[in-house]
Amino acid sequence: MSWDKAPQSVATVPDGDWDLTIWSWLRATARPTAIVLGLGFGLAACTALPGDGPWMGGAASTTTEALPFDVIDLTPTTIANYRQPPPIDRPSTVSNLPAGGRVAVAPGDAIKVRIFEPYEGSIFPTIQRPGADFGVQRVTDDGTINVPFVGTIKVAGLDLGQIEKKVAQQVTASGKAQEPQVIVEFVADRTHTVMVSGDVRNPGRVSLLEGVRTVVEAINKAGGPAGIGGQSANGVGANQFEVIVRRNGQIILQSQFSDVLAGGDIGLQKNDEIVVRPNPRVFTVLGAVVKAGNVDMSKHTVSLLEAMGMVGGLNDTRANKTGVYVFRLGELQTNPTARGKVFRLDLYQPVSIFIAQQFPVLPKDVVYITNAPLYEYDKILTSIYRTVSIVGVARGNIVSTGGF
């Protein structure tokens, strides 16, 4: 018995053929049921169907009073308030630091003392002959060293020249040398150092006596950030590292390493602490793009146009060219009452390409490209088609069984 030949009422059912009544009922109800299910699914499609992000129909510039953010249309007029100038390297503030200064010896330092005499036959050799090297003299906790033939000498707080003069005076006063020549040099610096730690190749103490005067010089002396110069598979650059400098327990510098290189360098003092740590500058791209996800900012400033290009551009079959949005949180750390901002760009306008070139994407921004309306309608129609197909398959299975 086919579907179309099923009896239309119970009165026409032959004896013993009551199952035809079931076919009649199914024929009368299956098609309307499919239509009702399809329409109901279509009405709920905006919330029931999966999507790439929020529905932006409610983000209108006229309704910002009821929203926790401000909606700003990017136009040739409004872009002037958000355009950022390109980064310019500025003169470093350490350019006027003195080339060197007085270096005083302190307990824990290790120095070497050598004594020479101008004449042969004395206790100490002439400068042309080897010897007169008394080895490494470590400054004790009470600030003294013990030199053979000279005795104990108080050196803490004196620079190398003052120590040379004091040793010469003491050895001359003892009558053990005439017109002695004394040379004192550092062997190991324990006090005039800064600590470089964190994500550097060679963490540890760096001596200021090795010509290190600034933060950049100290980081370079420690091998530089681990991740620059081919050490990282991700090609991490100076823009992805943060530098923190502490002095006497207080933070005196906290900045991206790229900003320090661009002129934000500062001079160092002994016992300063330098910490280099990863601080990725990342923005997120969602929605109708070729490849959504998090994107590292490989340079200091990235425009909106560059941001879309970094993910392969907009998806031609899905993207709504009038629905390009940038979500940006307010400065909540400095201003708890700050409102977020949603920037909206209409790429159908030719001038929008120039606007996108000027608008900067900042770290933690979210760039969201909405789906085109026809794409959403296509999803609804596809869902209705699948619903009707399911009902049709069910009907076919019932017909093929020949009854219950």
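Tabulated data for the structure shown
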item: Distant-in-sequence amide H partners of GLN256 (H built 1.01 Å from N, under 5 Å); result: VAL243
item: Calculated P(r) tail over 20 Å for region 110-188, as whole % of Cα pairs; result: 25 percent
item: From phi via Karplus (6.51, -1.76, 1.60), per-residue ³J(HN,Hα) for region 270-285 in Hz, x at Gly/Pro; result: 4, 6, 5, 10, 10, 10, 10, 9, x, 9, x, 9, 10, 10, 10, 10
item: 20 Å tail of the calculated P(r), region 193-278, as % of Cα pairs; result: 25 percent
item: Region 234-297 - convex hull of alpha carbons, volume per residue in Å³; result: 103 Å³
item: Amide proton proximity set for VAL200, modelled H, under 5 Å, gap of 5+; result: ALA226
item: Sequence-distant residues sharing a close amide H with VAL150 (under 5 Å, placed H); result: none
item: Entries of LYS165/LYS270; LYS112/LYS154; LYS321/LYS341; LYS221/LYS270; LYS341/LYS364 with Cα pairs more than 18 Å apart; result: LYS165/LYS270; LYS321/LYS341
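Any read-out appearing in this document is the output of simple, stated calculations on the displayed coordinates, not a laboratory observation. These figures come from a predicted structure and were not determined experimentally.
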